[in-house]
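One structure below.
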């Protein structure tokens, strides 16, 4: 990947994440797939905030090796 590139996930529903115990495979990040942006959508700011926090603590901060 070009050093000035950034990858993006598909759109992920914050509502779906709210009710899931584990993050979907779609949010697993390989160490070679950085930088990456996880795209979240929802109409509820509280669900978006929760999903973003989970993405950082459970997904984006823990890359597969």
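The values are calculated or read from the model by the stated rules, or taken from the named source; none is laboratory data. Every value quoted in this text rests on a predicted model; they were computed, and no experiment measured them. Cβ coordinates were reconstructed from backbone atoms using ideal geometry, including for glycine residues, and neighbour counts include every protein chain displayed.
Among the conditions (1) part of a loop (DSSP other than H, G, I, E, B); (2) in contact with a helix residue (DSSP H, G or I) (Cβ under 8 Å, 6 or more places away or on another chain); (3) at pLDDT 85 or above, the only one that residue 23 does not satisfy is (3).
Looking only at region 40-65, residues that are in a strand (DSSP E or B), out of contact with any helix residue (DSSP H, G or I) (no Cβ under 6 Å at 6 or more places or on another chain) and at pLDDT 90 or above come to 1 in all.
Is it fair to say residue 1 is at pLDDT below 80, surrounded by fewer than 13 Cβ atoms within 10 Å (Cβ to Cβ) and either on the phi > 0 side of the Ramachandran plot or not in a helix (DSSP H, G or I) (or both)? Yes. Pairs linking a residue in region 36-65 that is more than 20 Å from residue 6 (Cα to Cα) to a residue that is part of a strand (DSSP E or B) and modelled with pLDDT of 90 or more, with Cβ atoms under 7 Å and 6 or more positions apart or on different chains, are 42/13; 48/40; 51/40.
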